[in-house]
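Report on the following structure.
The values are calculated or read from the model by the stated rules, or taken from the named source; none is laboratory data. Owing to the predicted nature of the structure, the values given are computational and were not obtained by experimental measurement. Here Cβ is always computed from backbone atoms with ideal geometry, including for glycine, and neighbour counts include all displayed protein chains.
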Amino acid sequence: MKGIFLISVALMLWAGSALYAEDIKWKKVEATDLNLVGKAFDTPNPYHRVDTLRYKLEKRRERELARASAGLAVLFKTNATDIGVSVLFGTYVSKSSYRSYRGVDLYIKQDGKWKWAGMNDFSATHSDSSRVKSVVNHMDNSMKECIMYLPIEAELYSLKVCVPEGAVIEPLESPFRHRIVFHGSSFTQGISCERAGMSYPMQFMRRTGMQVIPLGFSGRCKMQTYFADVLADVDADAYVFDPFSNPSGETIKKRLMPFIERMVAAHPGKPLIFQKTIWWERSNFNLEHRAATDAKQAASDSLMAIACMKYKDVYYIETDAATHTEESSTADGVHPTGYGYTLWEQSIEGPILKILKKYGIE
């Protein structure tokens, strides 16, 4: 994963609310020359998650999402007092107001735990890899272990981590162990979370030390055969699926068992963990939405009971992203806030770790 993916595109950065530090002389290092983690495969553009020339995803939107950097992260260590970033976006960049969609999110290890340090985001339509946006400033000059999450709904041609000239910056050997695939819907991609590192798989990664391979596809995860082709080729220790959030109850009935059979055949002896979709808060009073949610859950409950009896390595776990008070934990009645994703992670961490332990994955 070395070298820079080059492209002859030069656009301007939006400076309206940006924090530029133009008085600092920056040293810029391409993320691929540090330690880019979370990749399922090598791809011609290292910031793509899936090679859309190799895998023929049917819809344009699916191809855009495959080229987004959602869940990828760069590991590095530095004694810099200031850290910035410069980017060159590709052809697809979300125009949503969520800063996580086109922003970076930085954590630094302190007392053995990852602690949030800073973030910044970019215009939906403009970027210029010669300009630097600050992520965190005015730190001490001790050596720091850092993880920076990349934008969750944008294609990147280049991302450079920037430190003041004279500071040390070098790759950090990954402290994350094993390879755990998370494949699923917009929930798994992290849609509506405030920062790129707040999706529930990324929180699971920081809390457990397990390396997550992020394959969330917003609104498009319906157990299609071409997604099964991708997943069949991913080499990992375990596979966690969020497959029941996007398809209807009827689609679940039609596609689930063939999908499971394909995964069992592709990954014999590996744990295949399926998550029940969360309760969608907009179903609280909207009877149409409630009926649709009930149908999804009824279909997945009945079929997964059969699958878990038939296949010894198939599991079905409950998810919960609700506060269980009168207060909402979603941003829009469907997608959790960052706190909602924290609740989700807390609901699945114990059950997943218990399953993984049976396979010696600790």
Yes or no: the stretch 336-354 includes at least one residue that is among the basic types (K, R), farther than 28 Å from K254 by Cβ and assigned to a helix (DSSP H, G or I). yes
Subset of the stretch 253-269, residues surrounded by fewer than 17 Cβ atoms within 10 Å (Cβ to Cβ) and not in a helix (DSSP H, G or I), comes to P268, G269
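Table: residues versus (1) acidic (D, E); (2) within 24 Å of V212 (Cβ to Cβ).
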site	(1), (2)
E288	yes, no
D294	yes, no
Q297	no, no
Y311	no, yes
A321	no, yes
E326	yes, no
E349	yes, yes
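This table checks each residue for (1) assigned by TED's automatic domain parsing to the domain that holds P44; (2) small (G, A, S); (3) at pLDDT 95 or above; (4) out of contact with any helix residue (DSSP H, G or I) (no Cβ under 7 Å at 6 or more places or on another chain).
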| site | (1), (2), (3), (4) |
| --- | --- |
| R63 | yes, no, yes, yes |
| I108 | yes, no, yes, yes |
| W114 | yes, no, yes, no |
| A117 | yes, yes, yes, yes |
| S130 | yes, yes, no, yes |
| V135 | yes, no, yes, yes |
Examine the stretch 219-232 for a residue that is out of contact with any strand residue (DSSP E or B) (no Cβ under 9 Å at 6 or more places or on another chain), part of a helix (DSSP H, G or I) and touching a residue at least 60 places away in the same chain (Cβ under 8 Å), and state whether such a residue exists. yes
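Against the condition over 24 Å from F187 (Cα atoms), of a type outside the set (D, E, K, R), in contact (Cβ under 8 Å) with a residue 24 or more places away in the chain and surrounded by 17 or more Cβ atoms within 10 Å (Cβ to Cβ), how does L34 come out, does it pass?
In short, yes.
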Can you name the condition, by its number, that R63 falls short on among (1) over 27 Å from K109 (Cβ atoms); (2) basic (K, R); (3) part of a loop (DSSP other than H, G, I, E, B)? (3)
Mind checking which pairs have a first residue in the stretch 339-362 that is surrounded by 15 or more Cβ atoms within 10 Å (Cβ to Cβ) and a second that is assigned to a helix (DSSP H, G or I), Cβ under 6 Å, 6 or more apart or different chains? Y341/M198; Y341/Y200; W344/Y200; E345/Y200; E345/Q203; E345/F204
Which is surrounded by fewer than 17 Cβ atoms within 10 Å (Cβ to Cβ), in the same structural domain as V334 (by TED's automatic domain parsing) and not aliphatic (A, V, I, L, M), of G219, G249? G219
Go through (1) exposed (fewer than 15 other Cβ atoms within 10 Å of the Cβ); (2) in a loop (DSSP other than H, G, I, E, B) for A305 and report which single condition fails. (2)
For residues that are surrounded by fewer than 18 Cβ atoms within 10 Å (Cβ to Cβ) and either modelled with pLDDT of 90 or more or touching a strand residue (DSSP E or B) at 6+ places or on another chain (Cβ under 9 Å) (or both), tally how many sit in the stretch 323-338. 0
Take the residues in the stretch 145-171 that are surrounded by fewer than 21 Cβ atoms within 10 Å (Cβ to Cβ) and either more than 20 Å from the chain's Cα centre (by Cα) or of a type in the set (G, A, S) (or both); name whichever of them is nearest to D105 (Cα to Cα). E145
Looking at (1) part of a loop (DSSP other than H, G, I, E, B); (2) surrounded by fewer than 23 Cβ atoms within 10 Å (Cβ to Cβ); (3) not aromatic (F, W, Y), which one does A70 not meet, given that it meets all the others? (2)
